Amino acid sequence: MDEATMSKIRRDFLPEDLLPIIKDNGISNTIAVQADQSEAETLFLLKMAEQHDFILGVVGWVDLLRQDLHAQLKALDHPKLLGYRHVLQGEERGFITQQNFIEGVQQVGKHGLTYDILVYAHQLDEVITLVDHCGEQPLIIDHLAKPEIKNGRIKTWEKQMRVLSSYPNIYCKISGMITEADWQTWTYVDLLPYLDVVFDAFGQDRCVFGSDWPVCTLAGEYGQVFNIVSRYLADHDLDRNAVFSRNARNFYRLV
């Protein structure tokens with residue numbers, strides 16, 4: 001992480017840091033999602049989940065390109081391991097659509113696990129290709145696919161997100177918005193056009209709240225992120241329980 005821009009989060013963040021924050025916001029449980037591209041972190045997160053009941057599960061990391069992936073997925077099997085993610089936003093063009101990666105995502109689905117898709121908006125054409133090869137397995141787009149909120153760009157992103165929403169197995173995580181806006185000057189109004197698109201496209205039953213904590217603290221606090229979604233749901237008479245709980249439980253198979 002760049003020292004100049006990321007200094008605020010260049011430290012350890014542990015369950016004991018998060019617990020009082022979620023309690024203050026009326027959240028009872030959470031899912032921990034990987035950040036580091038290592039199986040060591042996956043095992044660390046699973047250990048934290050074993051020690052803290054409020055962590056219902058973990059989205060970990062595994063090298064989807066390894067030849068013995070099937071065996072490794074079996075070796076990593078754990079009651080609280082819900083699925084996997086790779087930080088695709090940092091990969092070169094073509095990574096997502098290579099055959100070995102697509103087959104890796106398919107293997108995750110065959111093991112009854114979910115897959116989180118973390119990309120920038122400019123990668124959505126490749127995501128559509130990936131999704132087209134993944135049948136009915138559960139996939140979720142993290143952070144609204146990071147649209148360029150700061151620059152107000154929306155048209156191409158909207159078109160591609162609507163294509164993705166046509167696949168009934170694809171969900172959208174309502175997270176990561178304020179760090180794609182201007183960190184110092186963002187407002188609720190800045191986010192509305194993007195929220196309108198995803199809720200219209202995916203509907204209230206395939207949108208899942210995500211805090212993106214602690215990364216969100218670069219531009220705001222957990223409570224601000226929570227209040228953005230709470231306000232939007234209230235203003236549009238949408239099902240609060242679905243977005244904050246039921247959809248996540250359905251997607252990650254916690255029901």
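Throughout, read-outs are computed from the coordinates displayed, never taken from laboratory work. This structure is a prediction, so every number in the text was calculated from the model and none was measured. In this analysis, Cβ positions are derived from the backbone assuming ideal geometry, glycine residues included, and neighbour counts consider all displayed protein chains.
So which residues in segment 36-47 are buried (at least 17 other Cβ atoms within 10 Å of the Cβ) and out of contact with any Leu (no Cβ under 8 Å at 6 or more places or on another chain), if there are any at all? Before the answer, list the steps.
Applying the first criterion (buried (at least 17 other Cβ atoms within 10 Å of the Cβ)) to segment 36-47 yields 42, 45-46.
Passing the criteria: only Leu45.
Restricting attention to segment 125-147 and to residues that are outside any helix (DSSP H, G or I) and in contact with a Lys or Arg (Cβ under 9 Å, 6 or more places away or on another chain), the residue that is surrounded by the most Cβ atoms within 10 Å (Cβ to Cβ) turns out to be Pro147.
Filtered by the rule that a residue be in a loop (DSSP other than H, G, I, E, B) and either among the polar types (S, T, N, Q) or in contact with a Ser or Thr (Cβ under 9 Å, 6 or more places away or on another chain) (or both), segment 187-212 gives Thr187, Gly203, Gln204, Arg206, Gly210, Ser211, Asp212. Every test in (1) among the aromatic types (Phe, Trp, Tyr); (2) over 15 Å from Arg162 (Cα atoms); (3) under 17 Å from the mean Cα position of the chain (by Cα) is passed by Phe202 save one, and that test is (2).
Of the residues making up segment 71-109, those that are more than 29 Å from Pro147 (Cα to Cα) and free of Cβ contacts under 8 Å to residues at least 40 places away in the same chain are Ala71, Gln72, Lys74, Ala75, Leu76, Asp77, His78, Pro79, Lys80. Hey, any hits in segment 94-101 for a residue that's among the hydroxyl-bearing types (Ser, Thr, Tyr) and either under 23 Å from Ile170 (Cα atoms) or surrounded by 14 or more Cβ atoms within 10 Å (Cβ to Cβ) (or both)? Among the residues of segment 94-101, at least one is among the hydroxyl-bearing types (Ser, Thr, Tyr) and either under 23 Å from Ile170 (Cα atoms) or surrounded by 14 or more Cβ atoms within 10 Å (Cβ to Cβ) (or both), which makes the answer yes.
Within segment 114-125, residues that are over 16 Å from Gly176 (Cα atoms) sit with their Cβ atoms under 7 Å from residues that are assigned to a strand (DSSP E or B) and not charged (D, E, K, R), at 6+ positions apart or across chains, in these pairs: Thr114/Leu82; Thr114/Gly83; Thr114/Ile140; Tyr115/Gly83; Tyr115/Tyr84; Tyr115/Leu139. Within segment 184-191, can one find any residue that is over 26 Å from Arg249 (Cα atoms), touching a helix residue (DSSP H, G or I) at 6+ places or on another chain (Cβ under 9 Å) and not aliphatic (A, V, I, L, M)? So far as segment 184-191 goes, yes, one or more of its residues are over 26 Å from Arg249 (Cα atoms), touching a helix residue (DSSP H, G or I) at 6+ places or on another chain (Cβ under 9 Å) and not aliphatic (A, V, I, L, M). Pick from segment 12-28 the residues that are without any contact (Cβ under 8 Å) to a residue 12 or more places away in the chain and closer than 21 Å to Arg246 by Cβ: which of them is surrounded by the fewest Cβ atoms within 10 Å (Cβ to Cβ)? Here the answer is Gly26. Tell me yes or no: at least one residue of segment 85-108 is touching a Lys or Arg at 6+ places or on another chain (Cβ under 7 Å) and in a strand (DSSP E or B). No, there is no match, as no residue in segment 85-108 is touching a Lys or Arg at 6+ places or on another chain (Cβ under 7 Å) and in a strand (DSSP E or B). Filtering segment 182-228 to residues that are among the β-branched types (Val, Ile, Thr) and surrounded by fewer than 17 Cβ atoms within 10 Å (Cβ to Cβ) leaves Thr185, Thr187, Val189. The residue list Ile174, Ile178 contains one member that is surrounded by 20 or more Cβ atoms within 10 Å (Cβ to Cβ) and touching a strand residue (DSSP E or B) at 6+ places or on another chain (Cβ under 9 Å), which is Ile174.
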